[in-house]
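The values are calculated or read from the model by the stated rules, or taken from the named source; none is laboratory data. If you're wondering where the values come from, they're calculated on a predicted model, not measured in any experiment. As a convention, Cβ positions derive from the backbone with ideal geometry for all residues, glycine included, and neighbour counts pool all protein chains shown. Ligands, DNA and RNA are stripped out before the accessible areas are found, and what is left, the full protein with its side chains, is counted by its heavy atoms. Shrake-Rupley method; radii C 1.70, N 1.55, O 1.52, S 1.80 Å.
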Amino acid sequence: MNRITNDREYYSITKRIDELLSIVTDENYDIIPEAIELDFLSGLVEEYEKTHYPVAIPALAEVLKLRIYEMGINQGQLAAILHVSPSRISEYLSGKEPTLRVAKAMYEKLSISANTIFGVNPGYGKAESLEYISAAAF
């Protein structure tokens with residue numbers, strides 16, 4: 001089998017992957033043949049999911065809200081971290097795109113992906129992804 005062609009095959013293979021996950025462990029990964037099958041089937045599922053069940057990147061505003069919550073800070077504290085005004089944070093939470101300087105700070109200080117910051121949906125190809133560009137290019 002080179003690829004999954006329909007949902008029936010997909011569900012059958014994901015069921016087999018679940019079975020294999022109960023057999024293959026970190027300790028026996030290199031010594032049992034089921035690990036090879038698991039890797040192969042996982043690759044098939046990944047390719048099928050890229051086409052049939054794509055995952056969209058989250059909006060920057062949603063990621064910022066999540067970071068505020070995770071860090072236990074408020075908008076004013078986030079503004080201080082990013083060296084912008086609190087009103088600028090409100091703009092970002094309303095959907096405005098940050099400047100390159102602020103985008104770099106979000107990337108470095110909040111670990112927010114460049115793809116999310118700039119709203120780029122890379123699919124799964126490196127060539128389409130901003131993450132493929134080194135952080136030094138910021």
Legend entry - Output for region 2-20, where each listed residue is in contact with a Leu (Cβ under 7 Å, 6 or more places away or on another chain) and under 22 Å from Tyr53 (Cα atoms): Arg3, Ile4, Ile13, Arg16, Ile17
Inset, instruction - Please verify whether region 26-48 includes one or more residues that are more than 30 Å from Asn2 (Cα to Cα), of a type in the set (Val, Ile, Thr) and either open to solvent by less than 70 Å² (accessible area, probe 1.4 Å) or modelled with pLDDT under 95 (or both). - result: no
Legend entry - Selected residue (criterion: nearest to Ala114 (Cα to Cα)) from residues of region 85-100 that are open to solvent by 70 Å² or more (accessible area, probe 1.4 Å), without any contact (Cβ under 8 Å) to a residue 12 or more places away in the chain and outside any helix (DSSP H, G or I): Thr99
Legend entry - region 25-84, subset β-branched (Val, Ile, Thr) and in a loop (DSSP other than H, G, I, E, B), residue nearest to Ser113 (Cα to Cα): Ile57
